[in-house]
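This report refers to the structure that appears directly beneath it.
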Amino acid sequence: MPLARPVLGEPEERRVLEVLRSGQLSLGPRLEEFERAFAERLGAPLASAVSSGTAGLHLALRAVGVSDGDEVLTSPFSFVASANAAIYERARPVFADIDPRTLNLDPDAAAAAITPRTRALLPVHIFGYPAEMAAFESLAARHGLGVVEDACEALGARHRDGTAVGARGNPAVFGFYANKQLTTGEGGMITLGSPEHKQRIDSERNQGRAPDMGWLDHDRLGFNYRLSDIACALGIAQLERLEEMLAGRAAAAALYREALSGLEGLELPCPDTGGEQRGWFVFVVQLPRGVDRDGAVGALAARGIQSKPYLPAIHLMSFYRERFGHRPGEFPVCEDVAARSVALPFFPQLREEQIERVAGSLAAVLGQA
Ligand SMILES: Cc1ncc(COP(=O)(O)O)c(C=O)c1O
């Protein structure tokens, strides 16, 4: 059983074929159409499509003014790209520990890690669970910091006031890699509230060109972070069936919760509380303490079930240890969670009997069958 599988079909084929037949493969009408539809779906004022979530994080950090020597305060329990994006701008990612329930950056730990060099906060809505944005925004306001949200895993998530993650006006970055809730193969979207930020991002994703300039005139440093019209067409078709895909993931998660509830010492993703709503992306469990996690992943593979250690702590990756001198013990909650976490097969088309097979296999691997 694979870990992830995209939902693709006739609507995607039709939309992509239309673009191929039009001959306008990039910088065509699908770009704006996708941006508008995405912003509307979230209730966000504006959106800019980009070539990946990583590219989006880079441009969003530039937009809020991160540059040489700054510190960007972020979570060590994330995909590595959220921290790397700061390094692209010669800034330093500074970590603080996570909340053991939500696995998101802990606002109190973040507050304690602010220094005079802190320029921005970069909370991550990990595994699609909404980060405590109200707390981060007031922290940012008190210290004059920029805020960028890493929402790459959080399409469909909602804050306790019912607003969608990504609709608060901070630049919020979504990812459309093949395993995501919505995919364009590779791709991303920045939702945002500031027209000035959008103008800058749209220029920088397109080699630094101002909208009214000719092909070869550039008024700033830019990148090629464009999303092609082919990818945008795929995204439009995926957006049209987003509710169905999110509902499929939520249903699979509910079945997993039931099937795994009897396993002793196994920790499941935290349930939605206080009106917060997870946008289901992965189903990650924490194995009981003392279990050989990598051995369990191997034993599941031997039973035909893909799983993976997910996520490793960023500060303990070799590049981060070497570059910044990080050592085990700095962020104990993150390190404990990272050492025990396993992502199980998770996609909207998962059937009940498949989930039962995964649960049965996990029980056997844990010696609880
Ligand atoms: C939390 C998080 N941040 C950033 C990224 C980077 O996105 P991409 O792979 O689209 O560059 C991902 C996805 O892979 C992610 O899960």
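Any residue that is of a type outside the set (Ser, Thr, Tyr), touching a helix residue (DSSP H, G or I) at 6+ places or on another chain (Cβ under 8 Å) and open to solvent by 50 Å² or more (accessible area, probe 1.4 Å) - is there at least one of those in the stretch 233-241?
Yes, some residue in the stretch 233-241 is of a type outside the set (Ser, Thr, Tyr), touching a helix residue (DSSP H, G or I) at 6+ places or on another chain (Cβ under 8 Å) and open to solvent by 50 Å² or more (accessible area, probe 1.4 Å).
Between a first residue in the stretch 69-93 that is among the acidic types (Asp, Glu) and a second residue that is within 14 Å of the ligand (Cβ to nearest atom), which pairs have beta carbons less than 7 Å apart while being 6 or more apart in sequence or on different chains?
Cβ pairs passing all conditions: Glu89/Leu61.
Which residues, taken from the stretch 163-188, are within 13 Å of the ligand (Cβ to nearest atom), assigned to a loop (DSSP other than H, G, I, E, B) and either farther than 19 Å from Gly146 by Cβ or modelled with pLDDT under 95 (or both)?
Correct list: Phe176, Ala178, Asn179, Lys180, Gln181, Leu182, Thr183, Thr184, Glu186, Gly187.
Kindly check whether there is at least one residue in the stretch 195-207 that is within 25 Å of Val19 (Cβ to Cβ), touching a strand residue (DSSP E or B) at 6+ places or on another chain (Cβ under 9 Å), open to solvent by 30 Å² or more (accessible area, probe 1.4 Å) and not in a helix (DSSP H, G or I).
yes
Hand me the list of helices (runs of 4 or more DSSP H) wholly inside the stretch 278-369 holding 3 or more residues that are over 21 Å from the mean Cα position of the chain (by Cα), farther than 17 Å from Arg5 by Cβ and modelled with pLDDT of 95 or more.
293-302, 318-324, 352-365
Return a yes/no flag: does the stretch 50-57 have any residue that is more than 12 Å from the ligand (Cβ to nearest atom), at pLDDT 95 or above and open to solvent by less than 10 Å² (accessible area, probe 1.4 Å).
No, the conditions are met nowhere in the stretch 50-57.
Please specify each residue of the stretch 58-84 satisfying the condition of being open to solvent by 30 Å² or more (accessible area, probe 1.4 Å), among the hydroxyl-bearing types (Ser, Thr, Tyr) and under 24 Å from Gly156 (Cβ atoms).
Selection gives nothing.
Quick check on the stretch 189-207: of everything there that is among the basic types (Lys, Arg) and in contact with a helix residue (DSSP H, G or I) (Cβ under 7 Å, 6 or more places away or on another chain), which residue is farthest from the ligand (Cβ to nearest atom)?
Residue satisfying both the conditions and the ranking: Arg200.
Picking from Ala210, Ala233, which residue would you name as being more than 16 Å from the ligand (Cβ to nearest atom) and outside any loop (DSSP other than H, G, I, E, B)?
Ala233
Look through Gly329, Gly325, Gly298 and report the one residue that is over 30 Å from Ala109 (Cα atoms) and small (Gly, Ala, Ser).
Gly298
Provide a single number: the residues in the stretch 94-103 that are surrounded by fewer than 24 Cβ atoms within 10 Å (Cβ to Cβ) and touching a residue at least 40 places away in the same chain (Cβ under 8 Å).
6
Would you be able to tell me the number of residues in the stretch 273-302 that are touching a residue at least 60 places away in the same chain (Cβ under 8 Å), among the charged types (D, E, K, R) and surrounded by fewer than 19 Cβ atoms within 10 Å (Cβ to Cβ)?
0
Look through Glu264, Glu244 and report the one residue that is under 22 Å from Phe347 (Cβ atoms), touching a residue at least 60 places away in the same chain (Cβ under 8 Å) and surrounded by fewer than 22 Cβ atoms within 10 Å (Cβ to Cβ).
Glu244
Could you go through the stretch 8-20 and let me know if any residue there is farther than 18 Å from Ile230 by Cβ and acidic (Asp, Glu).
no
The values are calculated or read from the model by the stated rules, or taken from the named source; none is laboratory data. This structure is a prediction, so every number in the text was calculated from the model and none was measured. Heads up, the Cβs are rebuilt from the backbone with ideal geometry, glycines too, and the neighbour counts pull from every protein chain shown. Accessible surface areas use protein heavy atoms only, side chains included; no ligands, DNA or RNA. Shrake-Rupley method; radii C 1.70, N 1.55, O 1.52, S 1.80 Å.
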